[in-house]
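Trainee: Submitted below is the structure of interest, expressed as C-alpha cells.
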Amino acid sequence: ISWTLQLLQNRALEGAGFRRRPIQTSIGTTSVWEFEGDGDLPPLVVQHGISSQGSELARLLIRLRRRFSRVVAPDFFGHGFSEELEGG
C-alpha cells in the first residue's frame, strides 16, 4: 500500500472518531484501531487479510461503528503500525 493511501485511510479513521493504540503482548507490541460504537450490537473484531492492515478497512469500519457497541481492528505483527517480530 502506498504511504499516501495509508495516510488518507488513517486520517479518515481518526476523523470518524477511531483511535489507534499500541498493545504490549508477551511477544511484542501490536497496534489496534478502536471505536466505542453507537450501536446496540455486541463488540466486533474485524481482522485484515494477508499483506494488509487495519486501516485499509476504513470505509467498512466507519460504517460498522453505527451498529456495534465497539469496533476493534487489530494489525497482525509486521503489518500497519504493529511491530515486526524477529525471524518473521
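Trainee: Restricted to the stretch 40-70, and to residues that are touching a residue at least 40 places away in the same chain (Cβ under 8 Å) and outside any loop (DSSP other than H, G, I, E, B), which residue is nearest to the chain's Cα centre (by Cα)?
Mentor: So in the stretch 40-70, the residues touching a residue at least 40 places away in the same chain (Cβ under 8 Å) come out as 52-53, 55-56, 58-59, 61-62, 65.
After this cut, where a residue has to be outside any loop (DSSP other than H, G, I, E, B) as well, the list is 55-56, 58-59, 61-62.
Details: Ser55: 5, Glu56: 8, Ala58: 8, Arg59: 12, Leu61: 8, Ile62: 11 Å.
Looking at residues that are touching a residue at least 40 places away in the same chain (Cβ under 8 Å) and outside any loop (DSSP other than H, G, I, E, B), I get Ser55.
Trainee: Would you check which residues across the stretch 32-83 are among the hydroxyl-bearing types (Ser, Thr, Tyr), open to solvent by 30 Å² or more (accessible area, probe 1.4 Å) and within 20 Å of Leu7 (Cα to Cα) and list them?
Mentor: Filtering the stretch 32-83 for residues among the hydroxyl-bearing types (Ser, Thr, Tyr) gives 51-52, 55, 69, 82.
Then keep just the ones that are open to solvent by 30 Å² or more (accessible area, probe 1.4 Å); that gives 51, 69.
Result: Ser51, single match.
Trainee: Could I ask something else about it? Residues being surrounded by 13 or more Cβ atoms within 10 Å (Cβ to Cβ) and either without any contact (Cβ under 8 Å) to a residue 40 or more places away in the chain or of a type in the set (Ser, Thr, Tyr) (or both): count how many of those fall in the stretch 9-22.
Mentor: Looking only at that region, the number is 1.
The values are calculated or read from the model by the stated rules, or taken from the named source; none is laboratory data. Note that the coordinates shown come from a computational prediction; the quantities given were computed from them, not determined experimentally. As a convention, Cβ positions derive from the backbone with ideal geometry for all residues, glycine included, and neighbour counts pool all protein chains shown. Heads up: the accessible areas ignore ligands, DNA and RNA and are worked out on the full protein's heavy atoms, side chains in. Shrake-Rupley method; radii C 1.70, N 1.55, O 1.52, S 1.80 Å.
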